[in-house]
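Here's the structure we're looking at; comments come further down.
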Amino acid sequence: MTSPRVASPTASNSAAVPAALTLASASPRRRDLLAQICVTPDDIDPANIDEMPRANETPRAYVFRMAVEKARAVAARRPADLVLAADTVVAAGRRILPKAEEAAAARACLELISGRSHRVYTGVALAVPGGAVRTRVVETRVKVARLDPAAIDAYLDCDEWRGKAGGYAIQGRFAAHVVSIIGSYSNVVGLPLHETANLLRGAPHEGDAGDVGA
């Protein structure tokens, strides 16, 4: 399957009509993850919405809201499409860590998660023609080894942290500092594949050569 689409009835024909899949994200990591389960979006259309957390909003509630709002924003301009959206955060307790764009921010994140466990949350939303939005929220617990200043300096020198939630990329050099994970690995990368595949499996689309992940 290379082009996911959802069945949608037309006014003149009750037979299922497949709809294009649009990914509401510019993340190359999410495109790569989808490729692992043999899914290729028909188009990429980032939502570009306000992503500011609300006062006292928990990480779980935040990723759920973001995924739904992103899906709805793109579906509003592509009502005939199947729209897949996601949002991932790294959280220390109730604190949502930033996507580190500067070394100082990445260092602060790494110092905070050093020698302790934190959680990664991803909200996934699938908007289908007709207005319905199907959702999942996935949580993974990640335990990080104690990082001394030299280890942090060495990691910051590699630059893979830039633009990453929590200041690290588990799929890169930072894997050497991960003691254990409980839950979905792909969730930490940016898209929980098992849950995403289940959402898509209920939405057949043009170009299907079989089940998602086949």
Out of the stretch 165-197, which residues are in a helix (DSSP H, G or I), polar (S, T, N, Q) and closer than 12 Å to T140 by Cβ? S186, N187
Going through the stretch 95-119 in order, the residues found to be within 14 Å of R162 (Cβ to Cβ) and of a type in the set (V, I, T) are none
Selection within the stretch 19-66 - touching a strand residue (DSSP E or B) at 6+ places or on another chain (Cβ under 6 Å), under 17 Å from A203 (Cα atoms) and at pLDDT 95 or above: L21, T22, L23, A24, P41, D42, D43
Condition test on G130, is it out of contact with any helix residue (DSSP H, G or I) (no Cβ under 8 Å at 6 or more places or on another chain) and free of Cβ contacts under 8 Å to residues at least 12 places away in the same chain? no
Residues that are more than 19 Å from G163 (Cα to Cα) and either touching a Phe, Trp or Tyr at 6+ places or on another chain (Cβ under 9 Å) or among the aliphatic types (A, V, I, L, M) (or both), drawn from the stretch 28-43: L34, A35, I37, V39
Residue check: is V144 of a type in the set (A, V, I, L, M) and closer than 26 Å to R201 by Cβ? no
Just one of the numbered conditions (1) modelled with pLDDT of 95 or more; (2) charged (D, E, K, R); (3) out of contact with any strand residue (DSSP E or B) (no Cβ under 8 Å at 6 or more places or on another chain) is not true of D211; which one? (1)
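Mind telling me which of the residues G167, G183, G163 ends up being closer than 16 Å to E101 by Cβ and in contact with a Pro (Cβ under 9 Å, 6 or more places away or on another chain)? Before the answer, list the steps.
Values: G183 fails: closer than 16 Å to E101 by Cβ; G163 fails: in contact with a Pro (Cβ under 9 Å, 6 or more places away or on another chain).
Result: G167 is the single residue among G167, G183, G163 that is closer than 16 Å to E101 by Cβ and in contact with a Pro (Cβ under 9 Å, 6 or more places away or on another chain).
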Determine the pairs where a residue that is at positive phi and modelled with pLDDT of 95 or more, located within the stretch 148-173, has a partner that is hydrophobic (A, V, I, L, M, F, W, C) and part of a helix (DSSP H, G or I) with Cβ atoms under 8 Å apart, the partner being 6 or more residues away or on another chain. G166/C109; G166/I113; G167/A105; G167/A106; G167/A108; G167/C109; G167/L110
Sort out which residues of the stretch 54-67 are in contact (Cβ under 8 Å) with a residue 12 or more places away in the chain and part of a helix (DSSP H, G or I), and write them in order of number. P59, R60, Y62, V63, F64, R65, M66, A67
Report whether or not D32 is surrounded by fewer than 23 Cβ atoms within 10 Å (Cβ to Cβ), in a helix (DSSP H, G or I) and of a type in the set (D, E). yes
Pairing a residue in the stretch 91-105 that is closer than 15 Å to V63 by Cα with any residue that is surrounded by 13 or more Cβ atoms within 10 Å (Cβ to Cβ) and polar (S, T, N, Q), where Cβ atoms lie under 8 Å and the two sit 6 or more apart in sequence or on different chains, gives R94/T58
Checked against (1) buried (at least 16 other Cβ atoms within 10 Å of the Cβ); (2) in a loop (DSSP other than H, G, I, E, B); (3) free of Cβ contacts under 8 Å to residues at least 40 places away in the same chain, C38 satisfies every condition except (3)
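The values are calculated or read from the model by the stated rules, or taken from the named source; none is laboratory data. All of these numbers come straight from a predicted model, not from anything done at the bench. As a convention, Cβ positions derive from the backbone with ideal geometry for all residues, glycine included, and neighbour counts pool all protein chains shown.
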